[in-house]
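Worksheet for the structure shown next.
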Amino acid sequence: MSESDETDPVDIAELAAAAELADPAKAPSRSELKNQQARAELEPLAEGERPRVVVYGAITSIVIAISILIGWIARSDVTAFQSIPPAILFFVMAAGMWDLRYWAVLGFEAVMALFMINAMLVLIGASTALSVVVPIVVLVVSGSFFWYTVKALARIQMPAARDRD
């Protein structure tokens with residue numbers, strides 16, 4: 001990148017002062033100024049670039065889908081209706097994430113939130129060491145995915161990423 005392409009970090013205090021001088025009644029809030037600063041610091045995705053967390057999320061979705069199908073094949077008391085739709089959902093989500101579709105990454109983030117809630121509920125009723133360790137691992141992994149996909153979502157929805165469609 002050339003020097004003209006790089007943007008200097010925006011100082012929130014300077015933005016706030018300039019906005020208040022221009023029109024104190026319409027000055028943006030401090031949180032809006034922080035949002036503007038965060039948006040200015042984001043770099044659009046390069047052609048063919050995939051954020052690492054999105055690639056790991058797509059792989060995780062495929063592993064979850066395959067494990068659902070293996071569970072259905074191995075157990076006779078689980079119907080196809082209970083297994084096939086979630087497996088299809090995770091396969092479609094993985095394909096969408098690989099193609100950098102915003103809806104797929106957002107859906108994956110929502111599933112990670114559900115996993116975190118479920119892990120917390122299981123943790124409340126934990127009575128053995130194993131029933132404590134497993135939800136904590138699920139909570140850490142899904143929480144990490146949730147946290148790191150936020151920035152990936154912001155980069156995916158940037159105008160440069162939408163122009164390639």
Going highest first, how would you order 142-148, 51-57 by mean Cβ packing within 10 Å?
-> 51-57, 142-148
For segment 79-165, just run the numbers: alpha carbon Rg, then divide by 2.2 N^0.38 Å, N being how many residues it has.
-> 1.33
Grab the Cα-Cα distance for Val150 and Glu49, subtract it from 0.36 nm times how many residues apart they are, and report the gain in nm with one decimal.
-> 34.7 nm
By how many nm would the segment from Asp99 to Tyr56 lengthen if fully extended, with 0.36 nm per residue of separation less the alpha-carbon distance?
-> 14.2 nm
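Bear in mind that the values in this text are calculations on the coordinates, not laboratory data. Keep in mind that this is a model prediction, so the values were computed, not measured. Every residue, glycine among them, receives a Cβ derived from its backbone with ideal geometry; neighbour counts consider all protein chains shown.
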